[in-house]
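I have placed the structure first, in the form of structure tokens, so that the comments after it can refer back to it.
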Amino acid sequence: MMHEQLADIVAERFVTRPPELQIDLTPGLQREETILETRGLSVWYGGFQALRDISLAVPGRRITAIIGPSGCGKSTLIRCFNRMNDLIPGFRVEGELLFEGRNIYGRGIDPVDVRRRIGMVFQKPNPFPKSVYENVAFGARVNGYVGKLSEIVERALRRAALWDEVKDKLRQNALALSGGQQQRLCIARALAIEPEVILMDEPCSALDPVATLKIEDLMRELAERYAIVIVTHNMQQAARVADYSAVMMMAEDRAGEMIEFGPTRQVFTTPKEKRTEDYITGRFG
Ligand SMILES: Nc1ncnc2c1ncn2[C@@H]1O[C@H](COP(=O)(O)OP(=O)(O)OP(=O)(O)O)[C@@H](O)[C@H]1O
Ligand SMILES: [Mg+2]
């Protein structure tokens, strides 16, 4: 993939976006809208330091991509955002991870509450071996929803751009859906919990190009309402969907560091770091 082609993708996207969406790409507004923020975040698995001194502000109602070579700590970082790493033996954090200004690793914070407000979609679609309906209703029940379940199920499936394809199959087993449908079902399940942020760790890597584009369209729609953080290995995908991009690399001791963060257009067309350019043009990693 040539650099110029990536630049074209970025340029085209920003030209064709409605003007009201372009206004917010100024750095000043980004800070005002921060919903999630790491300040000097370091992470260890036992004696191994996986992340060093990551400071990153995630804006609300925008898509932030985390990119970088395998093993640089992307999954570790995104999993910190909703405390998914808690159960790993030897896992330890230093620094702060603020969600709406509160440190989610601080005292008195309930990780279950964090996970309810910050949902996650995984690399491989992982629906429960239950009906389409039950998969989404599960999310609603976790949220303590007591009203009419069928309404919240329909709403979540509509938001996940899946309703038309499954409205006649609600009682069928979710595992009978296609991979792309299963992934949108997992997104619907996450939405039914009514989160404020949606984390996605390589959500399209198990999908074909058509299903991938559908998920990307969906992400752009969801970003009207939610903050989205996505890990992706696919540079075109980052160029197509992300408003902001964070570039991570491994230091000599293999600890992950963030070497660059900014509007995707800037990161992909005029990166500050030579290493960023080498990575996105395929000369590295
Ligand atoms: N549960 C764990 N226990 C110990 N070390 C771990 C654990 N999970 C990840 N690591 C280590 O932390 C580092 C970062 O891993 P991580 O999975 O975050 O990288 P990544 O950037 O997501 O890579 P990939 O692109 O291959 O998914 C790696 O060196 C990995 O071996
Ligand atoms: Mg990973």
> Only one of ALA174, ALA206 is small (Gly, Ala, Ser), touching a Ser or Thr at 6+ places or on another chain (Cβ under 8 Å) and farther than 22 Å from ARG225 by Cα; which?
Replying inline: ALA174
> Can you pull out the helices (runs of 4 or more DSSP H) entirely within region 61-167 that have at least 3 residues that are in contact (Cβ under 8 Å) with a residue 40 or more places away in the chain and away from ligand 1 (no atom under 15 Å from the Cβ)?
Replying inline: 132-142
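Yes or no, residue by residue, for (1) buried (at least 20 other Cβ atoms within 10 Å of the Cβ); (2) away from ligand 2 (no atom under 16 Å from the Cβ); (3) at negative phi; (4) among the basic types (Lys, Arg):
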{"residue": "THR76", "(1), (2), (3), (4)": "yes, no, yes, no"}
{"residue": "MET84", "(1), (2), (3), (4)": "yes, no, yes, no"}
{"residue": "LEU97", "(1), (2), (3), (4)": "yes, yes, yes, no"}
{"residue": "ASN103", "(1), (2), (3), (4)": "no, yes, yes, no"}
{"residue": "GLY106", "(1), (2), (3), (4)": "no, yes, yes, no"}
{"residue": "ASP113", "(1), (2), (3), (4)": "no, yes, yes, no"}
{"residue": "ARG117", "(1), (2), (3), (4)": "no, yes, yes, yes"}
{"residue": "ASN126", "(1), (2), (3), (4)": "no, no, yes, no"}
{"residue": "ARG141", "(1), (2), (3), (4)": "no, yes, yes, yes"}
> Does at least one position in region 224-235 carry a residue that is in a helix (DSSP H, G or I) and within 16 Å of ligand 1 (Cβ to nearest atom)?
Replying inline: yes
>> Step by step: first the residues of region 234-244, then only those that are polar (S, T, N, Q) and away from ligand 2 (no atom under 14 Å from the Cβ), then the one that is surrounded by the most Cβ atoms within 10 Å (Cβ to Cβ). Which residue is that?
In response: GLN237
> Mind checking which residues of region 264-285 are polar (S, T, N, Q), under 22 Å from the mean Cα position of the chain (by Cα) and within 16 Å of MET249 (Cα to Cα)?
Replying inline: THR276
>> For the condition surrounded by 23 or more Cβ atoms within 10 Å (Cβ to Cβ), modelled with pLDDT of 95 or more and more than 30 Å from ASP113 (Cα to Cα), what is the one hit in VAL231, VAL267?
In response: VAL267
>> Going by what's in this entry, would ALA206 be described as among the aliphatic types (A, V, I, L, M), in a helix (DSSP H, G or I) and in contact (Cβ under 8 Å) with a residue 40 or more places away in the chain?
In response: no
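The values are calculated or read from the model by the stated rules, or taken from the named source; none is laboratory data. A quick note: this is a predicted structure, and the numbers were derived from the prediction, not measured. In this analysis, Cβ positions are derived from the backbone assuming ideal geometry, glycine residues included, and neighbour counts consider all displayed protein chains.
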